[in-house]
Structures are given as structure tokens and as C-alpha cells.
Amino acid sequence: MTNILRGRVLSFTRQPENADDHASYTYIEDGAILVSDGLIKAVGAFDEMLSGVEVVDHRPNLLMAGFIDTHNHFPQMQVIGSYGAQLLDWLNNYTFPAETRFVDRTHADRIAVSYFDEMLRNGTTTPVAYCSVHKASADAYFAEAERRNVRALGGKVLMDRNAPDGLLDTPQSAYDDTKALIEKWHGKGRALYAISPRFAITSTPDQMEVAQALVAENPTCYMQTHLSENHDEIAYTMSLYPEHPDYLGIYEHYGLLGPRALLGHCIHLNDRERSVMADTASVAVFCPTSNLFIGSGLFNEERTRQDGVRIAVATDIGGGTSYSMFRTMDEAYKVCQLQNQNLPPLYAFYLMTLGNAKALGLEAEIGTLEVGSEADIVVLDASATPAMALRMETVTSLAEELFVLQTLGDDRSVVETYVVGMAAKP
Ligand code: GUN
Ligand code: ZN
């Protein structure tokens, strides 16, 4: 199938250096994207594009690369909005019981349908998910992604202690199940596998060795875990691994760090951890709605960036409170404000698209509207609600329009979500 999407085309080419870095993106006021066989074949001014091809006219809306959510938990959709607890109690009281239900493939299949519905409704075309400990939960996740042709990353969590019996694997079963899942899904269609030791608290040293072996044996897979989210978590972790210099030192010792390592939260890092993150090119994943909701703390975006640590952004559903990357970046802005830092809208939209793609090393495939990219595209309307339309009456620049989208927008501002060129918003 071949068609042309017409609209205001916006795509980042590099990280914006400041709030007015207009050389960091391409913008075409009456633009067109030629899509064929799921790929972007041409981008340019509409009146210079080939005729004879069916045109889908999205004017005056914006066309951008689909959003990427680099950290969330597929089995936590029914945990969102769980009241009154900080991390460890939140896990024990709400999250672990909810994940226990994913032993049931029927339940996992049903939630997987809702999960991809919500992602696509919010314009997220690439999620990176933690599944539950159960192998079947990862099968459910990847099967639904495959059915919809979504580029999805994820993996079953490894956890063999400090959780209910129904959520524990063993070092051996974690190895066997992860290996089987990698063989089945990694690189199949658009799927990519993330080896997922949940965090140091729920893995014995024996299981960390298993994670180490899996990472070493599967260099093209990702590795995802949690790091330095909450003070009680850090103290408990260090009591379990007293021989290591700090929290990151545990993951470092087991060889888990590197450019494909995604470390969720990274709020309370010490200087050594910051420099090891930078030296290993590991990625710090900023999850603002979760960090505020669970009361974990304020991610220091400016410091982390200046230390040379790679940064990605994510919802962290169900500690996070919205599937929307607009809502996520709205809260990211506020987290920065509380620390007297700025997060310009150009940078926010860069992070949701090309920035997150670069964090995954997938910028040749997703995150931009470059020729050759996969045709995962969102159509955005900054006047989607009466309140937004009223605010837009006074907007005079693209950056301001993006900021209105980020501050007031949600799934109602996502007019359409294209997955490999096919309309896919539920
Ligand atoms: N640390 C370990 N597991 C989790 C989780 O599911 N959510 C969050 N926010 N932190 C975690
Ligand atoms: Zn998480």
C-alpha cells in the first residue's frame, strides 16, 4: 500500500542545544510523507510530491514520528492510582499481588489487548515493557505486538526472592525461560528482547550471575532494571549486597552495564555512580509521573545531562499515572521547575521521539521522519479541546504550540497513530 500523508511535518535531526535551537529539526508547513510498504519513502513539500497517489489530508495538524516509552510495566495497568504508599510498600501491597495474576495466560492476553490499545491511543508506537515473572506474560505481550505489527521491546522479569511465592522463579528457570523467549521473539518481525532482572532486591547473587550470562550470551538484546529510586530501597539493597561500593556497583559487578542497559529512575545517584553511568554509556530513564506519584524524588535532568549520562524518558505505568507522553513531559517540566531547571518544549519533543530512539540505538528505524525509517507516525492537534483551542488563539510559534500540547494535551490530541503506515489508533 502506498499513500501520502499531508500536514505540517516536524522531525528532529539532533538534540536541541537550547530553547531556540531551530536548527535541530526540520519543519515543513505544507508537508507530505510518502509511505509505501510500511516505510517512509520520501518527505518534502506537498506540491513537489508525486501525484497519482492517494492523499490523506491531515492539515492543519502536525505530523511527527510516533512516541517511544522506554520504561513501563505491562502487568501494572490495574495498579495505576494505588493510594498512599512509597516504593517498597507500593510493590508489596499493590503491585506484586496484581502481577501474580499473570500466571493466567487468558488474563495476560486480555491485558495485552488493552495495553497496546492505550499505547496507540496515546501516540506511543514503541513501548519498552517489563512483563511479569511468568514466561506466558511475555508471550502474551509479544504476540499482541506482532498481531498489530508494533515495534515492541520487553522481557519477563527475573526475580527469585523477596516477593510472594507466585512471583518467584529460580536462577535456572529464569535462564531457561529467558533463553527460550529470546529465541522465540528477539528479532522476530519488529520485536526486540530486554533481559530484565527486576532490581537487586528481588534477585539473589546466583540469579545476578544468570543475568550476567544472559547479557554476555545475547549482545544484541537489551538489559533493563531499576536503580536508585527511593531511599529505603537503596538502604535495603545495600544491606543485601554489602560488599559493593554502591547500588550501581552491583549491576556493574555482574556485567550488566553498557549502551543497551536501561536503568529506570536514577534519582539518588552518587558521584561514582554518575561517572560509571557515563563511562559505560548506560541510559538513565526519567519517569516523572511515577517519581512524583510514588514520592520517590526529583530526577536531576540538568546534572545528569551535564555529567554525560544518556537520558531517556518514560511513563513507568503503573507507578506512573498516565499513558500519555504529553502528560509525562508536563510532569518532567515541573520536576525540573522544582529544581530551578528548564526543560524547553523542543527538547521535550526531541526526547519523546529521536532522543528515546537514540537511547535504544534505534534511530535508523524509529524516532524520526527520515527517508528509510519505519512509518510509525502520529498526527497531533494542539486545539483538540475547547481549553486548548482557546489557548492556541494566542500562540505564535511552533515551540509554543508544542508546549501547549505538552501542558494541556492527552490522547484527545492524538488524531491518528500510524503503525508501519496503517491507521492504528483504537
Ligand atoms: N522497582 C522494582 N520494581 C519496580 C516497579 O515495578 N515499579 C517501580 N516504580 N519501581 C520498581
Ligand atoms: Zn519500573
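Taken together, the values in this text are just the output of simple stated rules run on the coordinates, not laboratory data. Just so it is clear, the structure is predicted and the values come from calculations on it, not from any experiment. Note: ideal-geometry Cβ built from the backbone for every residue, glycine included; neighbour counts use all protein chains shown.
For the residues Thr126, Thr407, what sequence is obtained by ranking on other C-beta atoms within 10 Å, fewest first? Let's see the in-between values first.
Numbers: Thr126 29, Thr407 16.
In order of increasing Cβ crowding within 10 Å: Thr407, Thr126.
Please list the three semi-axes, largest first and in whole Å, of the ellipsoid equivalent to the chain, using sqrt of 5 times the eigenvalues of its alpha carbon gyration tensor. Working shown, then result.
Numbers: eigenvalues 246, 111, 75 Å².
Calculated on Cα positions only, the semi-axes equal 35, 24, 19 Å.
Once you've got the Cα coordinates, tell me which of Lys156/Lys358; Lys41/Lys358; Lys135/Lys188; Lys135/Lys334 are over 27 Å apart.
Lys135/Lys334
Determine, for Phe96, Phe349, the number of other Cβ atoms within 10 Å of each Cβ, and report the residues in order from fewest to most.
On the way: Phe96 20, Phe349 29.
Lowest count first: Phe96, Phe349.
Averaged over every viewing direction, what's the projected area of the C-alpha convex hull for the stretch 50-188? Give it in nm², one decimal, please.
Working: hull surface 45.1 nm².
Taking the Cα atoms of the stretch 50-188, their convex hull projects to 11.3 nm² on average.
Please state the shape class of the stretch 250-388: rounded when a/c is under 1.5, otherwise prolate if a/b exceeds b/c and oblate if not, all from the C-alpha gyration tensor.
On the way: a/c = 1.96, a/b = 1.25, b/c = 1.57.
Oblate shape, in that a/c is at least 1.5 and b/c is the bigger or equal ratio.
So what is the relative contact order of the stretch 250-388, in percent, for Cα pairs below 8 Å that sit 6 or more residues apart? Walk me through the intermediate numbers first.
Values: 191 pairs, mean separation 25.4, N = 139.
For the stretch 250-388, the relative contact order is 18 percent.
May I have the convex hull volume per residue, in Å³, for the Cα set of the stretch 1-128? Write down the numbers at each step before the final one.
Working: hull volume 21.8 nm³, N = 128.
Looking at the stretch 1-128, the number lands at 170 Å³ per residue.
Throw me the Rg/Rh for the stretch 33-80, computed over C-alpha atoms with Kirkwood Rh, two decimals.
Values: Rg = 17.0 Å, Rh = 14.3 Å.
My calculation of the ratio gives 1.19.
Report the charge-dipole magnitude of the stretch 37-176 in Debye, nearest 20, computed about the Cα centre from +1 at each Lys and Arg Cβ and -1 at each Asp and Glu Cβ. Provide the component values of the computation, followed by the final result.
Values: 12 positive and 19 negative charges, 26 e Å.
Charge dipole of the stretch 37-176: 120 debye, to the nearest 20.
Rank Met352, Leu408, Trp185 by how far each Cα sits towards the positive end of the charge dipole of the chain (+1 on Lys, Arg Cβ; -1 on Asp, Glu Cβ) and give me just the farthest.
Of the options given, the answer is Trp185.
Points 7 angstrom from Cα along the Cβ direction at Val55 and Asp20: gap in nanometres?
Between Val55 and Asp20, the label points sit 3.5 nm apart.
Running Debye on the stretch 125-196 with equal point scatterers at the Cα sites and no solvent, what base-10 log of I(q)/I(0) appears at q = 0.18 Å⁻¹?
-0.62
Assuming 0.36 nm per residue, please report the length gained on full extension of the stretch Lys179 to Arg303 beyond their Cα-Cα distance.
Details: separation 124, 0.36 × 124 = 44.64 nm, distance 3.73 nm.
Contour length minus the Cα-Cα distance gives 40.9 nm.
In deg cm²/dmol and to the nearest 500, what is the mean residue ellipticity at 222 nm of the chain if only DSSP H runs of at least 4 residues count, each as -39500 (n - 2.57), divided by the residue total?
Numbers: 16 runs with 148 residues, N = 426.
After summing the helix terms and dividing by the residues of the chain, the value is -10000 deg cm²/dmol.
Quick one: what do you get for the stretch 329-426 if you divide its Cα Rg by 2.2 N^0.38 Å? Working shown, then result.
Numbers: Rg = 14.7 Å, N = 98, 2.2 N^0.38 = 12.6 Å.
Compactness ratio reported: 1.17.
What angle, in degrees between 0 and 90 and rounded to the nearest 10, separates the Cα long axis of helix 205-217 from the longest principal axis of the Cα atoms of the chain?
Result, in degrees: 40.
Taking the Cα centre of the stretch 299-426 as the origin, how large is its charge dipole in debye, to the nearest 20, when only Lys and Arg (+1) and Asp and Glu (-1) carry charge on their Cβ atoms? Could you put the intermediate results ahead of the total?
Working: 9 positive and 18 negative charges, 57 e Å.
For the stretch 299-426, the charge dipole is close to 280 debye.
Any idea which of Phe12, His58, Ile28 is furthest toward the positive side of the dipole for the stretch 1-92, if Lys and Arg beta-carbons carry +1 and Asp and Glu beta-carbons -1?
Comparing the listed Cα positions along the dipole, His58 ranks first.
Please identify, among Val378, Val395, Val414, the residue showing maximal mean-square fluctuation in a Gaussian network model of the chain using a 10 angstrom Cα cutoff.
Top of the fluctuation ranking is Val395.
Report the relative contact order of the chain, percent, no decimals, based on alpha-carbon pairs under 8 angstrom and at least 6 residues apart.
Values: 961 pairs, mean separation 84.7, N = 426.
This gives 20 percent for the chain.
First select every other residue whose beta carbon is under 11 angstrom from the beta carbon of Arg303; then total the charges, Lys and Arg +1, Asp and Glu -1. Numbers along the way, then the final one.
Numbers: positive: Arg274, Arg305; negative: Asp271, Glu301, Glu302, Asp307.
Net local charge, Arg303 excluded: -2.
At a threshold of 8 angstrom on Cα-Cα distance, excluding pairs fewer than six apart, so keeping six or more, what relative contact order does the stretch 1-114 reach in percent? Walk me through the numbers on the way to the answer.
Numbers: 145 pairs, mean separation 28.2, N = 114.
This gives 25 percent for the stretch 1-114.
Compute the label zone of Ser239 within the stretch 256-273: residues whose backbone N is under 20 Å from the point 7 Å along Cα-to-Cβ.
From the stretch 256-273, the list is 268.
Note the direction-averaged projected area, equal to a quarter of the hull surface, for the Cα convex hull of the stretch 206-290, in nm². It would help to have the intermediate numbers written out before the result.
Values: hull surface 22.3 nm².
Averaged projected area of the stretch 206-290's Cα convex hull equals 5.6 nm².
Give me the angle, in degrees from 0 to 90, between the Cα long axis of helix 135-148 and the longest principal axis of the Cα atoms of the chain, rounded to the nearest 10.
10
How far is helix 105-121 tilted, in degrees, relative to the longest principal axis of the Cα atoms in the chain, given as a value from 0 to 90 rounded to the nearest 10?
Roughly 40 degrees, rounded to the nearest 10.
Using +1 on the beta carbon of Lys and Arg, -1 on that of Asp and Glu, and nothing else charged, what's the dipole of the chain about the Cα centre, debye to 20? List each step's numbers first, then the result.
Working: 32 positive and 56 negative charges, 101 e Å.
With only Lys, Arg, Asp and Glu charged at Cβ, the dipole is about 480 debye.
Starting from the Cα gyration tensor of the stretch 344-395, take the square roots of the eigenvalues, sort them a ≥ b ≥ c, and report rounded, prolate or oblate (rounded when a/c is under 1.5, otherwise prolate if a/b is larger than b/c, else oblate). Please list the in-between numbers first.
Working: a/c = 3.64, a/b = 2.15, b/c = 1.69.
Since a/c reaches 1.5 and a/b is larger than b/c, the shape of the stretch 344-395 is classed as prolate.
If you find the alpha carbon centre of the stretch 300-370 and of the stretch 27-75, how far apart are they in angstrom?
When both Cα centres are located, 22 Å separates them.
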